[in-house]
Every structure is written in C-alpha cells, then in structure tokens.
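To start, the structure itself, in structure tokens.
Nothing in this text is a laboratory measurement; each read-out follows from the coordinates by a stated rule. Please read these numbers as outputs of a predicted model, since none were measured by experiment. Using ideal geometry, Cβ is built from the backbone for each residue, glycine included, and neighbour counts are taken over all protein chains shown.
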Amino acid sequence: MTELRMVILAVLVVASPLSALAEPLPAETPGARQEAERLDQLPALPPSPAGHIDHSGRTQKGRASYYATRFAHRKMADGRRMDPESNVAASKTLPLGTVAKVTNLNSGKSETVNIQDRGPYVDGRIVDLSPKVADRLDLKEKGVVPVEVKPLTLPQPDGEVKLGSGAAEASPEEVHRAVEVSKALTTPARHEDADGNPPHAAER
C-alpha cells in the first residue's frame, strides 16, 4: 500500500506542471512562443463594448482614431500624462500596460504602441493613437481608418506578462523589449474605476 501511495504521489507531482500549461502562458515560460503562434492563427476579434478587459492576446480588428489636441498632457487611465510625441494609445478592452502592433489596413504601415489609457468610446473604434503615431500611420488625413491590433505582451491579473498574437512575428529582441515595457508600465497604481474607466474617459 505504501508503494502504491508513492506512485500516486509521483504521478500528481509530474501532472501538475502539465495541467498548468492550460493556463495563460507567461512570456518567459517555455511554449509561450508556440501559444502566440496559435493565437495568431485565430480569427480577429471584432470591436467589443467597454467594460470587458480582454486578456486573451488575440488580434482585434476595427477602426482607429487619434487624440484631439485638448487631451495633450492630461492624466491617462494609468496615472501618467498623455505625451503627444510618445507611442501611447488607448483601448477599451486591452489591459493597461499592453504593448501592441497597430497596422493601418489601408496603407499597410505599422507602429508599436503602449496601451496606457481607456477609449475611444465610439462604436466600431478599437484604439485611439497619439498624434505622433497617427502621423506615422498616415491616419491624420482621414481621421479614422481601419486597423488591425496585435498584442505583443499583455499584463495578466496575477501579475504575469503573457505573449499575444503579435509576438508570433516579432523578433526575440522585440519580444524581450515589449515584456520589459509591460512590466514597467504596470508597476504604478492604476487609476480606473471598477469598469476599467478613468474619470475623464467618457469625454472621448
């Protein structure tokens, strides 16, 4: 009987790490890149309403706009000031601290952004970009363009950082840099209400 118990215990110890692989994979975990590649094969998610934070890492498709001049230097959802010359961006659904690749589907141009704010609160729009990023993506002329948003790294509720669909095509250096940015951005306290909205977010 003692030997049987030892066998059962050994099986449980070996099985525990395997079962953990079913959970969202932290960026440093072996297999994280394969998970990112799997996410990249899934259909893009359509625009979602505010109040739902998506930690899945899947690609999103919708429309992008950019910050109006009056939002320059205002506090964002993460407590920092909005710098028009930075790569800051706002999303209703991606976790604050997410690093994502945004591609203008009309021009094919792409830029990497840091999700630090909430918005835009207009149907069909999935991301608000800083004026700097809007310039680089040829967005300012039309104001609103169709885009694809691929998360590279996403902070998880347990404090870990997970790779998203965008990591499948990124270099190891880009992934490492994105992980470090996500960790740095999630260090300060967040300034959101229970629905993931900052006090001023409804203005946009």
>> At 0.36 nm per residue, and after removing the present C-alpha to C-alpha distance, how many nm does the segment from His176 to Ala72 gain when stretched out fully?
In response: 34.5 nm
>> Which residues among the stretch 134-156 fall inside the zone where the amide N is under 11 Å from a point 7 Å beyond the Cα of Asn106, along Cα→Cβ?
In response: 138-147
>> Taking 8 Å as the Cα distance limit and 6 or more residues as the minimum spacing, I'd like the relative contact order of the stretch 50-155 as a percentage.
In response: 41
>> Among the listed pairs Lys101/Lys162; Lys92/Lys140; Lys75/Lys140; Lys92/Lys142; Lys162/Lys183; Lys101/Lys132, which have their C-alpha atoms separated by more than 19 angstrom in this model?
In response: Lys92/Lys140; Lys75/Lys140; Lys92/Lys142
> How many angstrom lie between the C-alpha centres of the stretch 76-124 and the stretch 26-65?
Replying inline: 14
> Once the Cβ-Cβ distance between Lys183 and Val122 is put in as r, and R0 is 22 Å, what FRET efficiency do you end up with, to the nearest 0.05?
Replying inline: 0.10
> Given H placed 1.01 Å from N in the peptide plane, which residues other than close sequence neighbours of Val127 have an amide H under 5 Å from its amide H?
Replying inline: Arg63, Ser65
> Can you run phi through the Karplus equation (6.51, -1.76, 1.60; θ = phi - 60°) for the stretch 82-91 and list ³J(HN,Hα) in whole Hz, with x for Gly and Pro?
Replying inline: 6, 9, x, 9, 9, 9, 6, 8, 10, 9
> So what are the ³J(HN,Hα) numbers for the stretch 56-70, from phi and the Karplus equation (6.51, -1.76, 1.60; θ = phi - 60°), rounded to whole Hz, Gly and Pro as x?
Replying inline: 5, x, 6, 5, 10, 10, x, 10, 10, 10, 9, 4, 6, 4, 5
> Taking every DSSP beta bridge that has both residues in the stretch 28-187, what percent is antiparallel when rounded to the nearest 5?
Replying inline: 75
